[in-house]
Amino acid sequence: MSSQVMPTYARLPVVFERGEGPWLWSTDGTRYFDAISGIAVCNLGHAHPAVAAAICDQAGKLVHTSNLYGIALQEQLAAELCRLGGMDNAFFCNSGAEANEAALKLARRHGHGRGIAHPKVVVMENSFHGRTLFTLSATGNTKVQESFEPLVDSFIRVPYGNAEAVAAIDDASVVAVLVEPIQGEGGVRVPPAEFLPALRQLCDQRGWLLMLDEVQTGMARTGAWFGFQHAGIQPDVMTLAKALGNGVPIGACLARGAAADVLTAGRHGSTFGGNPLACRAALSVIETLQRQNLIARAAFLGQRLLNGFRSALADHPQVLDIRGRGLLIGIELDRPCAELTQRALAAGYLINVTAERTIRLLPPLILTDEEVQHLIEGVARLVNDFTAA
Ligand code: PLP
């Protein structure tokens, strides 16, 4: 079939036309279990009635006016996110890359304000921060960068989870550290418990901004509103997108303290960013996560899934590790397993493979106990068949 869509994705051969909770139906009527939630986006599942009603209602009232004027829903959303995350203010955009772009621009301008002509940001190996030129330069994956050189030359890269490597940096141009609380695209890597607290301490000592990319880990995915809350620390900057609108595109860069004063009028912007429709969707996401008690539920279900996979796959030497937090779960095999996404599809499941050998599961937070069991059995069967072949 010829397509006039640019071939930037190697798509699996299925087209969906309807969803409900964790279930999707393809155009030929087949039902699938969605264990990836549109890559950590539809945390409330598909077609959540509260979010659908909020979007419909808002679409009938006002979709867009631009940031040239006041937007009451944007004010409300900023206040809610700041309250939940302990931050001071928010800039709204439309994606994770844009949220990180805002954070990186903020860091540079913060540096210039301190008299640093070429500000640098510390970033991690195997990180993923987006596909704009600035964010792909920050990303620790040469496949993402290849053929887009010259990259933005403002980064110092260190191994993820290694606070000593960050402490060893001796460069007066450093202004910030940008890091994911758990690396998602990088293979569901959970850092040692002391990593984020150690980074916080280093940033305090050296006057650097601690900037957390919560694009994948935020909005209750890990069993807390934000991933950093498991570590008992507070960032200076945090970025969000993905699940913030449950599928309606919206991103945010939140700041605190001195970082909240950096992006002043005319310094950054976005035509669509934080429009009434996107903000109304995000407000209904927050309200629903709270009302359905899904933050605690994500933590509980995550533990059940980890336990379930650990016992179902206990006798597999080919399974190297089963890890994660909340409903961000990785099953690392001893071999490349990208073909599992196709096999899973044939068996009626949507799963993902990152870092070549790690099955990544990002199911919605609204799963019933039976659906959790369905997921454990389906994925265990896939791994069994794959490793036995
Ligand atoms: N940051 C992280 C941690 C991500 O996982 C992603 C996307 O996977 C991004 C940033 C980029 O987000 P977007 O695709 O919305 O630009």
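The values are calculated or read from the model by the stated rules, or taken from the named source; none is laboratory data. Quick caveat, the model's predicted, so the values are computed rather than measured. Reconstructed Cβ throughout: ideal geometry from the backbone, glycine too, with neighbour counts over all protein chains shown. Note: accessible area is taken over every heavy atom of the protein model, side chains too, but ligands, DNA and RNA are not part of it. Shrake-Rupley method; radii C 1.70, N 1.55, O 1.52, S 1.80 Å.
Value of Rg to Rh for segment 185-250, rounded to two decimals, is 1.00; Kirkwood radius and Rg both from alpha-carbon coordinates. Shape verdict for the chain, please, from the Cα gyration tensor: rounded (a/c under 1.5), prolate (a/b greater than b/c) or oblate. Note, shape of the chain comes out oblate. On the beta carbon distance between H112 and I156, with R0 = 25 Å, the FRET formula returns roughly 0.90. Label zone (D369, point 7 Å along Cα-to-C-beta; backbone nitrogen cut-off 15 Å) within segment 213-233: none. Placing unit charges on the Cβ atoms of the charged side chains and taking the dipole of segment 51-291 about its Cα centre, the candidate lying farthest along the positive direction among L62, A52, G232 is L62. Cα-Cα pairs above 29 Å in segment 1-152: how many percent? Value for segment 1-152 (Cα pairs over 29 Å): 41 percent. Close amide H pairs (under 5 Å, H built 1.01 Å from N) link V353 with R360, residues at least 5 positions away or on another chain.
Computed extension gain for S2 through T132, at 0.36 nm per residue and net of the alpha carbon distance, reaches 44.0 nm. Residues whose amide H comes within less than 5 Å of that of D321, counting only those at least five positions distant or on another chain, are E332 (H built at 1.01 Å from N in the peptide plane).
Rounded to the nearest 20 debye, the dipole size of the chain about its Cα centre is 440 debye, using +1 on the Cβ of Lys and Arg and -1 on the Cβ of Asp and Glu. Label separation (D315 vs E194): 3.9 nm, computed from points 7 Å beyond Cα along the C-beta direction.
Starting from segment 1-54, pick out the chymotrypsin sites (Phe, Trp or Tyr not before Pro) whose DSSP state is loop and whose Cβ has at most 12 other Cβ atoms within 10 Å. Within segment 1-54, the qualifying chymotrypsin sites (Phe, Trp or Tyr not before Pro) (loop, at most 12 other Cβ atoms within 10 Å) are Y9. Note on segment 350-389: dipole from Cβ charges, positive end direction compared against I366, V379, V353; the farthest Cα belongs to V353. One decimal place: the segment A296-E339 gains 12.1 nm when fully extended, by the rule 0.36 nm per residue minus the C-alpha distance.
With R₀ set to 56 Å, the beta-carbon distance separating S173 from I39 gives a calculated FRET efficiency near 0.95.
Charge tally for L367 (other residues, Cβ to Cβ under 11 Å; Lys, Arg +1; Asp, Glu -1): -2. Bridges between two residues of segment 51-291, per DSSP, are antiparallel at a rate of about 40%. Look at the dipole of segment 51-291 built from charges on Cβ: of G186, M219, S284, the Cα furthest out on the positive end belongs to S284. Over the chain, dividing the summed -39,500 (n - 2.57) contributions of all DSSP H runs of at least 4 residues by the number of residues returns a 222 nm mean residue ellipticity of -10500 deg cm²/dmol. With θ taken as phi - 60° and the Karplus curve 6.51 cos²θ - 1.76 cosθ + 1.60 applied, the whole-hertz 3J(HN,Hα) list for segment 224-236 is 9, 3, 9, x, 5, 5, 5, 9, x, 10, 10, x, 8 Hz, x standing for glycine and proline. If you take all other residues with their beta carbon under 12 Å from the beta carbon of L104, and give Lys and Arg +1 and Asp and Glu -1, the sum is +1. Annotation: peptides 110-118, 59-67, ranked by per-residue average of other Cβ atoms within 10 Å with the highest first, follow the order 110-118, 59-67.
Tally up the carbon and sulfur contribution to the accessible surface of the chain as a whole percent, 1.4 Å probe, everything protein left in place. C and S atoms contribute 52 percent here.
Each residue of segment 262-275 was assigned a 3J(HN,Hα) from its phi angle through the Karplus curve 6.51 cos²θ - 1.76 cosθ + 1.60 (θ = phi - 60°); the sequence is 7, 8, 9, 3, x, 8, 7, x, 6, 4, 7, x, x, 6 Hz, with glycine and proline shown as x.
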